[in-house]
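The values are calculated or read from the model by the stated rules, or taken from the named source; none is laboratory data. Here the structure is a predicted model, which means the values were calculated and not measured. Virtual Cβ from ideal backbone geometry, glycine too; neighbours counted across all protein chains shown. Please note that ligands, DNA and RNA were not included when accessible areas were found on the heavy atoms of the full protein model with its side chains. Shrake-Rupley method; radii C 1.70, N 1.55, O 1.52, S 1.80 Å.
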Amino acid sequence: MNDTAGRLYQGADWDFQTLQRIHGACEEVAKSDLCLDTYPNQIEVITAEQMLDAYSSVGMPLFYKHWSFGKQFAHQETFYRKGLMGLAYEIVINSSPCISYLMEENTATMQTLVIAHAAFGHNHFFKNNYLFKQWTDADGILDYLDFAKRYTAQCEERFGHIAVEQTLDAAHALMSHGVYRYPGKKKLNLRDEEKRAKERRSHEESVFNDLWRTVPTGPHKSVSELSAERRIAMLGLPQENILYFLEKSAPRLQPWQRELLRIVRHIAQYFYPQGQTKVMNEGTATYVHYRIMTRLLEKERISDGNFLEFLQSHTNVVFQPDFDDPRFSGFNPYALGFAMMQDIERIVTAPDDEDREWFPDIAGRGDVMGVLRDIWANYRDESFVSQFLSPRLMRHMRMFHLHDDPAEPEGIRVGAIHNEQGYRRIRRQLARQYDVGVVDANIEVVDVDLAGDRRLILRHTVVNGALLNEVDAKRVLQHLANLWSYDVSLREVDSSGKVLKEHAASPHVAAVAA
């Protein structure tokens, strides 16, 4: 595949032989110069409409049918046709082989950039970062999506598309609370999921019957004698994974509904690492494509004109508006990630006294790629920012900390500036913005009133006084009540256990659960 002599292409046009040469040249740099470890690559060239279709199904090549995907497609297609939005140059799938979708409208230089970015940058990160290793199954995801698509279609034929749609609506509403946030669970093996589905449902039904036979079913029955400790132990409470709890313990869900909940929570878990590594993942891919494109120029595989075209796109990708620019809406993950990767490269190769004081472990070590590969493998955004954001980069990006507390009538206060104490405070505060323990609401199932009305009780542990949005909480709780089939109650409590607010919902008459 590798053609090591001459230019890879002339002009903007390309064909599949050109793509093969480009892939070979990028692979040579990625393997020999950067020592990247990647899954095998599969390159797919798609049209704008196919890219829109991939957008609507969260970038996956196979997905079950749901009305929300069609709505998303219509929305994005309208905006794209009117010129109100552009499309990504690529989409990459965390699978083995790693699938990269390239837009057919791209020029040859853009295809080179995209292959370097997705097929080697993202690919290496997917294969080596500990979160992806821990929570995703790259070998089995495509087979599992195929199984999920077929299973959902079979359910629609047997039970009607309305019943399936209602179940999926409720499951999607709870999707962000259908993941395990902490390690300890066995790694998913999605290839075995289909084989075990039948046995699992049979076993769960037997467990379900044994548990719920103790619940009083009429006034002639005696009151349950289950102790709170035994009840909580039997139900595995407290439980952070609400979809898992419903799948195992909801009293009136049919076996096919439990399987749909299982499918949705498996997909939610598959995407869970991506939300925690946005800065690192995009920073890694951007750094890798910059290194590969630069090396191709040095080897005269691309021309100066090609490199200028690349620089224009690269500059747009890493553009970061200033804090007083009307376009500012936070940090661009591409810009922050790429800037930090380049800053680490500087610290490793040419540190100053400040770098030696702040980063004694890596300053002056000399092995840039060795340090970066270790960071890419063992950190997520929160820990990456909290440990590797340097004072120099904070000055360069003009970072400071604003303290905005409505309880303080004086207005917004500058909480940290560029001094020794301020650097550490700025870094700590920025890192907290990527901490899932702060950003995501911590909601757990804590109890079920088995002796009474079977009310499901949940608890939201409030952080920094941030209560749930009342409208959203009411809507999501309604979906939860429909799946549970009985009343549900959500209590928002502070660290001392004081109840700050309580929400409740009752199942609709035509509930999701049969």
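Check every one of the helices (runs of 4 or more DSSP H) wholly within the range 274-389 and list those with 2 or more residues that are open to solvent by 60 Å² or more (accessible area, probe 1.4 Å) and not aromatic (Phe, Trp, Tyr).
The qualifying helices (runs of 4 or more DSSP H) are 278-298, 304-317, 333-349, 353-358, 368-378.
Only one of these is within 27 Å of the chain's Cα centre (by Cα), modelled with pLDDT of 60 or more and open to solvent by 70 Å² or more (accessible area, probe 1.4 Å): 258, 265, 191. Name it.
Numbers: 258 fails: open to solvent by 70 Å² or more (accessible area, probe 1.4 Å); 265 fails: open to solvent by 70 Å² or more (accessible area, probe 1.4 Å).
After ruling out the rest, the residue left standing is 191.
Can residue 448 be described as over 23 Å from residue 167 (Cβ atoms) and of a type outside the set (Gly, Ala, Ser)?
Numbers: over 23 Å from residue 167 (Cβ atoms): no; of a type outside the set (Gly, Ala, Ser): yes.
When the stated conditions are applied, residue 448 does not pass them.
May I ask you to list the residues in the range 369-402 that are charged (D, E, K, R) and touching a Phe, Trp or Tyr at 6+ places or on another chain (Cβ under 6 Å)? If you could, list the steps in order and put the result at the bottom.
Restricting attention to the range 369-402, the residues satisfying the condition of being charged (D, E, K, R) are 373-374, 380-382, 392, 395, 398.
Once the filter is applied, which keeps residues that are charged (D, E, K, R) and touching a Phe, Trp or Tyr at 6+ places or on another chain (Cβ under 6 Å), the range 369-402 yields 381, 382.
What pairs come up if the first residue lies in the range 46-70 and is on the phi > 0 side of the Ramachandran plot, the second is buried (at least 19 other Cβ atoms within 10 Å of the Cβ) and modelled with pLDDT of 80 or more, and their beta carbons are under 6 Å apart, counting only those six or more places apart or on different chains?
Note: pairs meeting the criteria are 59/91.
Taking only the range 34-61 into account, find how many residues are surrounded by fewer than 16 Cβ atoms within 10 Å (Cβ to Cβ) and at pLDDT below 75.
1
Are there helices (runs of 4 or more DSSP H) fully within the range 65-173 with at least 3 residues that are open to solvent by 30 Å² or more (accessible area, probe 1.4 Å) and under 30 Å from residue 311 (Cα atoms)? List them. Outline the logic, then answer.
On the way: elements: 67-81, 108-114, 123-128, 130-135, 141-159, 161-173.
Hits in the range 65-173: 67-81.
To keep it simple, each residue is scored yes or no on (1) touching a helix residue (DSSP H, G or I) at 6+ places or on another chain (Cβ under 8 Å); (2) free of Cβ contacts under 8 Å to residues at least 60 places away in the same chain.
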position	(1), (2)
143	yes, yes
152	yes, no
157	no, yes
173	yes, no
176	yes, no
181	yes, no
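With the condition kept exactly as written, say whether any residue in the range 468-484 is in a loop (DSSP other than H, G, I, E, B), more than 26 Å from residue 385 (Cα to Cα) and touching a Lys or Arg at 6+ places or on another chain (Cβ under 6 Å).
Of all residues in the range 468-484, those in a loop (DSSP other than H, G, I, E, B) come to 468-469.
Okay, now just the ones that are also more than 26 Å from residue 385 (Cα to Cα), so 468-469.
Cutting the leftovers down to touching a Lys or Arg at 6+ places or on another chain (Cβ under 6 Å) gives us none.
Looking through the range 468-484, none of the residues is in a loop (DSSP other than H, G, I, E, B), more than 26 Å from residue 385 (Cα to Cα) and touching a Lys or Arg at 6+ places or on another chain (Cβ under 6 Å).
For the range 13-28, which positions are assigned to a helix (DSSP H, G or I), touching a residue at least 60 places away in the same chain (Cβ under 8 Å) and farther than 16 Å from residue 297 by Cβ?
At the first step, the residues of the range 13-28 found to be assigned to a helix (DSSP H, G or I) are 16-28.
Applying the additional criterion that residues be touching a residue at least 60 places away in the same chain (Cβ under 8 Å) yields 18-19, 22-23, 25-27.
If the condition is that a residue be assigned to a helix (DSSP H, G or I), touching a residue at least 60 places away in the same chain (Cβ under 8 Å) and farther than 16 Å from residue 297 by Cβ, then 18, 19, 23, 27 are the ones that fit.
Do you know which of the residues in the range 464-475 that are touching a strand residue (DSSP E or B) at 6+ places or on another chain (Cβ under 7 Å) and of a type outside the set (Lys, Arg) is least open to solvent (accessible area, probe 1.4 Å)? Quick ask: steps written out before the conclusion?
Quick first cut of the range 464-475, residues touching a strand residue (DSSP E or B) at 6+ places or on another chain (Cβ under 7 Å) only: 467-468, 473-474.
Next, only the ones that are of a type outside the set (Lys, Arg) stay: 467-468, 473.
Working: 467: 81, 468: 42, 473: 11 Å².
Restricting to residues being touching a strand residue (DSSP E or B) at 6+ places or on another chain (Cβ under 7 Å) and of a type outside the set (Lys, Arg), the top hit is 473.
Of the conditions (1) polar (S, T, N, Q); (2) open to solvent by 20 Å² or more (accessible area, probe 1.4 Å); (3) within 30 Å of residue 163 (Cβ to Cβ); (4) out of contact with any strand residue (DSSP E or B) (no Cβ under 7 Å at 6 or more places or on another chain), residue 478 clears all except one; give me its number.
Checking residue 478 against (1) polar (S, T, N, Q); (2) open to solvent by 20 Å² or more (accessible area, probe 1.4 Å); (3) within 30 Å of residue 163 (Cβ to Cβ); (4) out of contact with any strand residue (DSSP E or B) (no Cβ under 7 Å at 6 or more places or on another chain), the one that fails is (4).
Is there any pair linking a residue in the range 29-43 that is under 18 Å from residue 299 (Cα atoms) to one that is hydroxyl-bearing (Ser, Thr, Tyr) and open to solvent by less than 70 Å² (accessible area, probe 1.4 Å), with Cβ under 8 Å and at least six apart or on different chains, and which?
Going by the 8 Å Cβ cut-off, the qualifying pairs are 30/38.
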